[in-house]
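Have a look at the structure that comes next, please.
The values are calculated or read from the model by the stated rules, or taken from the named source; none is laboratory data. In this text, all values refer to a predicted model and were calculated from it rather than measured experimentally. Virtual Cβ from ideal backbone geometry, glycine too; neighbours counted across all protein chains shown.
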Amino acid sequence: MDISTTPAAASEFRETPWPPLRNAVLGYLEQARPHTVWGIGEVDVTETLARLKRCQRELRCAVSFHAVVLHALSRAAAAHPGVMTYRHGRKLVTFSEVDVCTSIDRKIHGHRIAAAYCVRGAQRKSLAAINWELRVAINQPLPNDPAIHLRRKFARLPDFLRRWVNRMVTRDPHWVRRLYGTIGLTNVQSHGLNRAFWGLPPTVTTTTLAVGTIVDRLAFDPAGAVVGRKHLCLTGAADHAVIDGMALSRFAYHLIQLLEPGTALDDAFIAETRRLAAADPAHARPVSES
């Protein structure tokens, strides 16, 4: 008897309709840059986490570690605009605005999906403003961002039209910016996962940073004693057609310098967050990490 033609028992599987919004994910993957290179590493975030916990105790509400990374990424990218440079025919286009396209976990039409969200002009926003913007985006319908509406329309196009649109978008960096921003940030952290874990993300933007898990490491303190430290696993993906290793290493070094001390988690952050909470009490309650 041909096993391949034998119907399976109803209890062995279940079928659900294909969610049209997954077409937007497929479109993103089809636009991934072919000359992508990856680099992996670790950042000592012991001081940053200590400062974050202090802020949470003072504020009595959650502070997103993802927002801390996004804030540092925006500053480093603004200082090294090569990570936001794109080829457009025989020209190179370098953006000055750091529009960070990140993903937020949302339930849409009954399906749990990572929805793309752009923090526009992130290099001009404080950490408190970015943290609050992500809180609002996670807990209410996504704002009236034209890019969101464009992606939803794109997801409902027939397959052949989506492939044509994909080709047009990847050739024009201005369309990439409208849909996906100028730099990418994704997060593969999961509660309870305490082992080293890195993600190797596809990238539509020239550069994408992937946040992995936080793990315990042993290190020597200045006195030579062995101490425990918290290390963040990070992966960077970049289009090698337009940016080289030395430029990426300078950008990575600057990012590490911003992430490790966590100096943005200061009294000014606490004061501004309190002002934002007073102006928007509906989103002042504790929420999960983005």
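Given the residues Ala219, Ala247, Ala277, Ala238, which is the only one that is modelled with pLDDT under 95, touching a helix residue (DSSP H, G or I) at 6+ places or on another chain (Cβ under 8 Å) and not in a loop (DSSP other than H, G, I, E, B)?
One residue alone meets the criteria, Ala277.
Could you count how many residues in segment 149-207 are in a loop (DSSP other than H, G, I, E, B), within 16 Å of Val93 (Cβ to Cβ) and in contact with a helix residue (DSSP H, G or I) (Cβ under 7 Å, 6 or more places away or on another chain)?
4
All but one of (1) closer than 22 Å to Thr102 by Cα; (2) free of Cβ contacts under 8 Å to residues at least 24 places away in the same chain hold for Ala223; which doesn't?
(1)
List every residue pair whose Cβ atoms sit under 8 Å apart, with the two residues 6 or more apart in sequence or on different chains, where the first one lies in segment 151-171 and is polar (S, T, N, Q) and the second, anywhere, is surrounded by 15 or more Cβ atoms within 10 Å (Cβ to Cβ).
Asn166/Gly27; Asn166/Glu30; Asn166/Gln31; Thr170/Gln31; Thr170/Arg33; Thr170/Val176; Thr170/Val204
Does at least one position in segment 264-279 carry a residue that is within 30 Å of Asn139 (Cβ to Cβ) and of a type in the set (Lys, Arg)?
yes
Yes or no: Thr94 modelled with pLDDT of 95 or more, surrounded by 21 or more Cβ atoms within 10 Å (Cβ to Cβ) and among the polar types (S, T, N, Q)?
Here the answer is no, as Thr94 does not meet what is asked.
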